[in-house]
Amino acid sequence: MSYADLSVLNCDRKTLLGKIGLAVKLGYEVIAIDIVHTPSKITTKKKKKQKDPNAQADEGVIKASTIKLTDEELKSLQVDNRRVKIVSRVTLEITDSDQLQYLTSPEVQGYDIVAVRPTSSDIFAKVTKYTNLDIIQLEMEKNVKIITPGGLSEGIQKGIHFEIQYGPALRDSSIKKYLISNSQLLANFSKSKNIIISSGAERAIELRGPHDVANLGLLFGLDESQAKNAVSRSCRSVLLHAEERRSLKAVIALSSGDLPEDQKWVKDKLSEIDASDATNEPSPKKMKTK
């Protein structure tokens, strides 16, 4: 059984490498480097004209390729690529429903995993209707109830997983009671389906081993099997959902003639298949003449 931590927060390179190195030692075989981004709210054309031209635009998120580890960095961590998989993740913190349009941007969809953190029950209900994301990270550390049974049911049907992060409770012990009560509410409403547990670690000291995290799952209202799945099989389901999302995006782009440069192989491969089929196609039979 392979274990995963699908949210190790991106930071300066030295700290990040330290977190990944410790995660590998703790037994994790899948680690997601997570960038948290808050898209800008939509402004009117008039406001855009009045905007300071020297102000830096913050609508975009950095490309996923910029956070990938180099071969030298992997070598320094003594990470075996055949055993350990390190993926990229972006988490959009949505405070206004209009910001959801950024989900479709090429920069966001270029990440291995796409997650959304809704900040209200209204946004939560809307985001569960989307298909181009993999994880909904729930705001568990506040006394705010944003979970709705209807939204959970719709998200589960789409293959979306719901994430509990234990890292914030380690940074601030006063929010533990909210984390536990909100997590139990999630387990109850969702019937413990499609739940994953991640660290959201800012520092290496906040990481816990997969067995310890599974034990936390028992406090969150999961049974023993469900708690283990929250750091293993359910995480694998997230990765499979993400692969399907990217494959579907490639097919749609191919049909419209707009395929990203790093996915041109799809078009080439289909061309090869078409050419092969044409070569092997039997020649039409000649009509018999009387």
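Quick notes on this structure:
- Residue in segment 101-121 that is aliphatic (A, V, I, L, M), part of a loop (DSSP other than H, G, I, E, B) and crowded, with 16+ Cβ neighbours inside 10 Å present: no
- For the residues Leu9, Leu17, the requirement of being buried (at least 20 other Cβ atoms within 10 Å of the Cβ) and either of a type in the set (A, V, I, L, M) or modelled with pLDDT under 95 (or both) singles out Leu9.
- Any hit, segment 143-152, residues being of a type in the set (Gly, Ala, Ser) and either modelled with pLDDT of 90 or more or part of a strand (DSSP E or B) (or both): no
- Close pairs from segment 167-191: first under 24 Å from Ile156 (Cβ atoms) and open to solvent by less than 80 Å² (accessible area, probe 1.4 Å), partner assigned to a helix (DSSP H, G or I) and among the small types (Gly, Ala, Ser), Cβ under 6 Å, at least 6 apart: Leu179/Ala169
- Test: residue in segment 48-68 that is within 29 Å of Ser237 (Cβ to Cβ), among the charged types (D, E, K, R), touching a strand residue (DSSP E or B) at 6+ places or on another chain (Cβ under 6 Å) and modelled with pLDDT of 85 or more: no
The rows are residues; the columns are (1) of a type in the set (D, E, K, R); (2) touching a strand residue (DSSP E or B) at 6+ places or on another chain (Cβ under 7 Å).
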{"position": "Ile135", "(1), (2)": "no, yes"}
{"position": "Lys142", "(1), (2)": "yes, no"}
{"position": "Pro149", "(1), (2)": "no, no"}
{"position": "Ile156", "(1), (2)": "no, no"}
{"position": "Gly159", "(1), (2)": "no, no"}
{"position": "Tyr166", "(1), (2)": "no, yes"}
{"position": "Leu179", "(1), (2)": "no, no"}
{"position": "Gln184", "(1), (2)": "no, no"}
{"position": "Ser190", "(1), (2)": "no, yes"}
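- Any hit, segment 211-231, residues being open to solvent by 70 Å² or more (accessible area, probe 1.4 Å) and of a type in the set (Phe, Trp, Tyr): no
- Segment 192-227, residues that are in contact with a helix residue (DSSP H, G or I) (Cβ under 7 Å, 6 or more places away or on another chain), of a type in the set (Val, Ile, Thr) and free of Cβ contacts under 8 Å to residues at least 60 places away in the same chain: Ile195, Ile197
- The lone exception for Ser97 - which of (1) in contact with a Phe, Trp or Tyr (Cβ under 6 Å, 6 or more places away or on another chain); (2) over 19 Å from Ser198 (Cβ atoms) it fails: (1)
- Within segment 194-206, being open to solvent by less than 10 Å² (accessible area, probe 1.4 Å) and of a type in the set (A, V, I, L, M) holds for Ile195, Ile196, Ile197, Ala201.
- Residue in segment 104-111 that is in contact with a Ser or Thr (Cβ under 7 Å, 6 or more places away or on another chain), touching a residue at least 24 places away in the same chain (Cβ under 8 Å) and of a type in the set (Val, Ile, Thr) present: no
- Any chance Ile136 is in contact with a Pro (Cβ under 9 Å, 6 or more places away or on another chain) and surrounded by 15 or more Cβ atoms within 10 Å (Cβ to Cβ): yes
- Single residue of segment 79-90 satisfying the filter (out of contact with any Gly (no Cβ under 9 Å at 6 or more places or on another chain) and in a strand (DSSP E or B)) that is farthest from His37 (Cα to Cα): Lys85
- Glu163 vs. criteria part of a helix (DSSP H, G or I) and of a type in the set (Asp, Glu): no
The values are calculated or read from the model by the stated rules, or taken from the named source; none is laboratory data. None of these values were measured; they are calculated from a predicted model. Quick reminder, even Gly has a Cβ in these numbers, built from the backbone with ideal geometry, and neighbours come from all protein chains shown. Side chains are part of the model used for accessible areas, which takes the heavy atoms of the whole protein and leaves out ligands, DNA and RNA. Shrake-Rupley method; radii C 1.70, N 1.55, O 1.52, S 1.80 Å.
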